[in-house]
Structures are given as C-alpha cells and as structure tokens.
Amino acid sequence: MNEVIRPGADNPPLAQNQAQEGPELSVIVPTFNERDNVTVLYRRLEATLANVAWEVVFVDDNSPDGTWDVVRELAQKDSRVRCVRRIGRRGLSGACIEGILASSAPFVAVIDADLQHDETQLPKMLLLLASDQADLVVGSRYIEGYKTEGFNKQRAGASALATELARKALRVEIADPMSGFFMIRRDRFEQLAPKLSVHGFKILLDVVASSNGTLRAVEIPYTFGERQHGESKLDSMVALDFLGLVLAKFTNDAVSLRFVLFAMVGGIGLVVHLTTLFIALQIFKAPFAEAQAAGALVAMTGNFILNNFLTYRDQRLKGFGLLRGLIAFYIVCSVGLLANVGVAFSVYDQEPIWWLAGLAGALMGVVWNYAMSGLFVWRKK
C-alpha cells in the first residue's frame with residue numbers, strides 16, 4: 001500500500017512555475033528513520049540545483065521516527081518535494097525502483113538520505129547525461145580523486161571484497177558497482193526495470209548486471225562524508241542480500257536466495273527432527289508414533305521461527321500474525337509431507353533406487369512448502 005503525499009496549496013511561485021514546465025531531474029531518496037537528515041538534504045539540493053528544474057521523491061518505508069511526516073511538511077511548502085510512504089514493504093532496492101517509476105523527469109538520480117553522498121556532483125552528472133555522453137553516471141569510490149570522511153576501514157574492506165566478487169562473478173566492468181550514488185536516463189532504466197529485484201540494498205549492481213554491458217557508463221569521484229544523524233542501515237543481513245543478488249544474476253534469475261535459505265532451513269529442520277526423535281525414543285522411552293509426531297512438531301516450529309527471522313525477514317510476522325502464520329505453516333508442511341512421500345513412492349516404483357526416490361521426494365516437499373508458504377504464510381501485503 002502506498003501513501004502519496006501531495007503538495008499543499010501554499011507553494012512558492014518558483015515551485016509552481018517549475019511544476020508547470022516539468023522537472024529535468026528527479027532525485028530519489030530512499031529513507032528509513034532519517035527525520036533529522038531529510039530537511040538538511042532538501043536544503044542542500046535546493047542550493048546545488050538552483051539552475052536546474054528538479055524534484056525530489058523521498059521513498060519512506062513507514063519510518064517509526066516519522067520521517068514521512070517531516071517530508072509532508074516540506075511538500076506542503078514546495079511542490080518539488082514528494083513522498084511515497086510504503087506500508088508493509090521494506091528494502092532499499094524496492095524503494096529506489098518505486099521512486100524512479102513514480103518520478104517524471106528524463107534523468108533520475110539516486111542518493112542516500114544520510115548526507116554522506118556529495119550532492120554537489122549532481123549538476124556534473126546531469127550534464128554528462130544531458131549531453132548524451134553516457135546513459136549512467138556513477139559516483140565512484142575506486143577512481144582517482146575520491147575522498148572519504150566517513151568510511152571506516154572495516155566497512156571499506158568489506159565493500160572492496162564484495163565489489164571484486166561482483167565484478168568477477170557477474171562480469172561487471174565499472175569500478176564501483178556497489179555505489180549507492182548514481183544518475184541514469186529514465187528511458188534506459190524503464191527498459192531494465194522488469195528484470196530488477198525489489199529485494200536487497202545494491203540497486204546499481206542489479207542495474208548494471210541486468211543491462212549485460214549495454215549501458216554507457218561514466219564514473220566520477222566524489223567526497224564521501226560523515227553521517228550526521230541516525231544510524232547506519234548496514235547489518236549482517238546485507239551480506240546475505242548481496243550474495244542473493246549475485247546468485248540470482250549469475251543463474252539468470254533461475255535460483256533465488258529466498259529459496260536457498262528456505263531449503264537450508266529445511267535441512268536444519270531435518271537434523272532437529274531426527275535429534276528430537278532420538279531423544280524421545282532413547283531418553284523418554286516414548287512410543288515411535290508419539291516420538292515421530294514430537295519430532296515433526298519441534299522441527300516445523302523451529303523452521304517457522306528461522307524462516308520468519310531469516311528467509312522472510314522483510315515480511316516478518318509479528319503479534320497475532322505470528323500465531324496465524326505458525327498455524328498456516330503447520331498445515332502447509334503437513335501437505336508438503338504428503339507430497340514428499342507421494343513423489344518418493346512414485347519414483348521408487350519406476351526406479352527402485354532408495355536415495356534417488358528420497359531425494360526426489362525431499363525436493364518436491366521443499367518446493368511445495370516454499371511455494372505455499374509464500375502464498376499462505378508470508379503473504380505480500
């Protein structure tokens with residue numbers, strides 16, 4: 001569900017005239033808990049783009065700190081400011097895609113709200129695109145002239161490693177495909193949009209990898225500043241998002257990270273099931289049927305918790321939804337077990353090789369559980 005915050009009637013004359021002419025540049029700013037930064041960024045854009053017809057679209061993931069409310073106040077005073085408030089969805093890549101598609105200018109820039117990207121480079125980037133020297137301009141950290149004020153050594157090392165992996169695995173040519181600061185022609189982005197993933201944090205890598213070398217890219221250096229307010233959104237899950245994107249693009253979207261994680265959790269669940277079965281039989285001397293039921297119940301519960309925390313963390317269930325989801329997951333996995341056994345027996349009848357039949361049944365079970373969980377447990381809102 002989107003809430004689009006529209007400008008009020010008290011716009012200044014300059015903003016009203018520009019709205020009639022249409023912007024040349026749309027600046028997309030994904031936000032989450034950045035209420036102390038958005039006004040500062042707006043003022044900086046206003047100063048930097050004084051000679052450009054521009055708009056800024058803040059795409060906010062329903063920030064608990066009310067970032068969207070601050071943007072609403074800005075929008076009521078200046079029609080160049082808009083906000084797409086996303087409810088029930090999270091993720092930087094998805095926010096960037098929605099923001100770009102909701103904007104109207106022929107050229108679109110993506111910049112972080114944390115004030116670390118150098119907005120003074122935007123006019124230079126726009127000139128390169130408008131003069132048809134490039135389709136994509138990237139603010140790069142790996143070319144001569146780049147300076148940093150807020151990039152610690154640990155983060156820099158991790159970024160460099162990820163960049164090298166991405167370049168080799170996906171055959172990406174630009175020096176900094178992990179940059180979050182870039183500008184692109186709208187027509188080229190719209191051609192690529194259907195191929196892009198809404199999950200993860202590295203939208204530029206996705207854009208470049210999906211273009212298969214057809215984008216004319218130029219990289220320019222900039223000064224990476226220090227975060228003024230708020231906290232970094234980078235955590236241990238970002239590494240998983242990155243690996244998932246590389247995996248998806250490397251396999252031409254045949255395999256997704258979500259499916260791999262779901263299958264991995266299922267493997268852990270099998271170990272949990274067998275361990276619980278052993279304890280129930282050997283220590284508590286329970287009948288096999290009861291021990292087997294206990295093992296299945298413990299394994300399914302554990303799988304649900306892990307999937308909710310890890311596999312579907314962007315759609316994580318809470319409160320009453322958690323209980324509803326658990327019951328739905330029990331039902332889905334019970335039917336998945338029947339599918340597992342049915343396929344295994346069918347394969348064994350055709351080819352009596354026990355491990356082949358077991359593998360086919362297990363694969364059917366995980367595919368069924370994955371598909372049905374997405375439909376009935378962690379449903380997209």
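Just so it is clear, none of the values below were taken in a lab; they were calculated from the coordinates. Here the structure is a predicted model, which is why all the values come from computation and not from measurement. Note that each Cβ is placed from the backbone with ideal geometry, even for glycine, and that neighbours are counted across all protein chains shown.
Summary table below
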read-out	value
Amide H within-cut-off set for Thr148, under 5 Å, with H built and near neighbours excluded	Phe224
Estimated [θ] at 222 nm from DSSP helical runs (n ≥ 4, -39500 (n - 2.57)) normalised by residues in the chain, nearest 500	-17500 deg cm²/dmol
P(r) tail fraction, segment 239-355 - alpha-carbon pairs more than 20 Å apart, %	57
Inter-part distance where segment 154-227 and segment 280-333 are each reduced to a Cα centre, Å	39
Using a Förster distance of 30 Å, the FRET efficiency for Phe284-Tyr330 (Cβ separation, nearest 0.05)	0.85
Residue with peak Gaussian network fluctuation, the chain [Cα springs, cutoff 10 Å], from Ser103, Ser63, Ser346	Ser346
Within segment 257-376: Cβ-based charge dipole about Cα centre, in debye rounded to nearest 20 (Lys, Arg +1; Asp, Glu -1)	520
Footprinting exposure proxy for Met300, Met183, Met364 (fewest neighbouring C-beta atoms within 10 Å first)	Met364, Met300, Met183
Ascending count of other beta-carbon atoms within 10 Å, so fewest first, for Tyr222, Tyr370	Tyr370, Tyr222
Value of relative contact order over the chain, rounded to a whole percent, pairs C-alpha under 8 Å and six or more apart	15
Between helix 257-282 and the chain: long-axis angle, C-alpha atoms, 0 to 90°, nearest 10	30
Total charge dipole magnitude, segment 14-154, about the Cα centre, Cβ charges on Lys, Arg, Asp, Glu only, Debye to nearest 20	220
Residues Val260 and Thr39, FRET efficiency given R0 of 45 Å [Cβ-Cβ distance, rounded to 0.05]	0.65
Nonlocal amide H pairs with Ile28, under 5 Å, H built at 1.01 Å	Val57, Ala109, Val110, Ile111
Within the chain: Cβ-based charge dipole about Cα centre, in debye rounded to nearest 20 (Lys, Arg +1; Asp, Glu -1)	740
Restricting segment 282-365 to chymotrypsin sites (Phe, Trp or Tyr not before Pro) in coil, as DSSP defines it, with at most 15 other Cβ within 10 Å	Phe284
Antiparallel %, DSSP beta bridges [both residues in the chain], to 5	30
Hull shadow area, averaged, the chain [alpha-carbon convex hull, nm²]	22.9
Tilt relative to the chain, helix 320-350 - C-alpha long axis, 0 to 90 degrees, to 10	60
Nearest 10 degrees, 0 to 90: helix 236-250 Cα axis against the chain principal axis	90
Simple spin-label estimate for Asp349 and Lys168 in nanometres, 7 Å along Cα-Cβ	4.9
For segment 55-201, average projected area of the Cα convex hull in nm²	10.2
